[in-house]
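Here's the structure we're looking at; comments come further down.
The values are calculated or read from the model by the stated rules, or taken from the named source; none is laboratory data. These numbers were taken from a predicted model, which means no experiment stands behind them. Counting neighbours? That spans all protein chains shown, and the Cβs are built from the backbone with ideal geometry, glycine included. Surface accessibility is based on the protein's heavy atoms, side chains included, excluding ligands, DNA and RNA. Shrake-Rupley method; radii C 1.70, N 1.55, O 1.52, S 1.80 Å.
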Amino acid sequence: MSTAPTDERGLITPIRFDGDGLDLLDQRVLPRQVAWVRCSTSGEVAQAIAAMVVRGAPAIAVTAAYGMALAARRGEDLRAAAAVLLASRPTAVNLRWALERLASVPAEGLADAARAIHAEDAAINRALGDHGAAVLPSAPTVYTHCNTGALATGGWGTALGVIRSVHHGTAPSHRDAEARRIHVFVGETRPYLQGARLTAWECLQEGIDCTLVVDSAAAVVLPRCDAVLVGADRVAANGDTANKIGTLSLAILARHHGVPFFVCVPSSTLDPRCPDGDAIPVEERGAEEVLGHAGAHWAADVPVFNPAFDVTPASLVTGWITEHGLREPPFGEVAG
Ligand code: MRU
């Protein structure tokens, strides 16, 4: 098992910008290998996002922001660069949020503005994590889906950030050793295995007690859980929530079993311009992700439908945890 690259505080640092280039921890090959992809132009950054070198809505936004800084450094047409970056993944609204925020920044200020987006996202996740912990009992057992941790954000994580806040005792609600004993069921997250490959790896690095289950075991283990914690790529104004494929099934199961279902998001994931789930663009990805993985090909060559996300109706969500605390729709222009 490879070891995570960390900063001086021991935090995983998968996105590194040195002013002239962007180094991205290659999430396609984790946990077998720690490898980096270096990007020098906005086009290379867009390609890395589309290929899932980096993934997770807030991490995509941070990466695209650095893509704009590189575009300025290389003297690229900034409007064209922003358009290419925006098209790299359609569902994560954080991407649009970051590019719109940078649109009014002069070229010479883009590097600092991108660094600020990165640092802010990490701080937002810390606040979100501490608020989220408050909805959990002492020594909780939770279920999570996909990867919403340091790999998927500017640092710490959203749903996994809540788990970190409990485990590390940063949340006022979970300061003492007994309260901090959290157990996490990690859903494998077919087809791309973000749970099995990334969340399990992050948990292992920090000694967070976790058990990996196949997605179809969720119905069996949910009765042992105090809550389901997931992230999102976009939350519509009415609360309908797009997240990794499998989230909707999980929400239905959670309702069946009477388990609270929380969506953990920075305000940049709330999309007041999107009235409801029908208006959320859902990315479809290639057949190869379903037919096999990492060079192995196990399925017959048949047609494949591979939606990367699904939309959970607001009625199945217990609450939305943001950096401002527990929130309810409608989510207006002043998000959060
Ligand atoms: O396809 P991915 O891996 O980018 O999907 C990621 C998710 O669905 C996450 O739950 C979401 O982006 C939130 S990450 C904090």
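Computed values, structure above
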| read-out | value |
| --- | --- |
| Whether the range 15-120 is rounded, prolate or oblate, judged on the alpha carbon gyration tensor where a/c under 1.5 counts as rounded | prolate |
| Tilt relative to the chain, helix 93-102 - C-alpha long axis, 0 to 90 degrees, to 10 | 40 degrees |
| Cut-off under 5 Å, modelled amide H: who pairs with HIS293 long-range | TRP298 |
| Rounded accessible area per residue of the chain, 1.4 Å, Å² | 39 Å² |
| Among GLU323, GLU202, GLU44, residue whose mean-square fluctuation peaks in a GNM of the chain (springs only between Cα atoms under 10 Å) | GLU44 |
| Nonlocal amide H pairs with ALA150, under 5 Å, H built at 1.01 Å | TRP156 |
| Percent accessible area from carbon and sulfur atoms, the range 130-327, protein chains only, probe 1.4 Å | 55 percent |
| Of ALA51, VAL265, LEU204, farthest towards positive along the dipole that unit charges on Lys, Arg, Asp, Glu beta carbons give the chain | LEU204 |
| The range 130-327 shape via C-alpha gyration tensor axes, a/c threshold 1.5 | oblate |
| Residue-averaged 222 nm ellipticity for the chain, from DSSP H runs of 4+ at -39500 (n - 2.57), nearest 500 | -9500 deg cm²/dmol |
| Phi-based couplings in Hz for the range 55-67 (Karplus 6.51, -1.76, 1.60; Gly and Pro marked x) | 8, x, 3, x, 5, 5, 5, 4, 5, 5, 4, 5, x |
| For the chain, cysteines whose Cβ has no other cysteine Cβ within reach (under 4.7 Å) | CYS39, CYS146, CYS225, CYS264, CYS274 |
| Ranked packing of 205-211, 222-228, most packed first, by mean Cβ within 10 Å | 222-228, 205-211 |
| Per-residue SASA entry for SER216, accessible area with 1.4 Å probe, Å² rounded to 10 | 100 Å² |
| Placed amide H near THR170: partners under 5 Å, 5+ positions off or other chain | none |
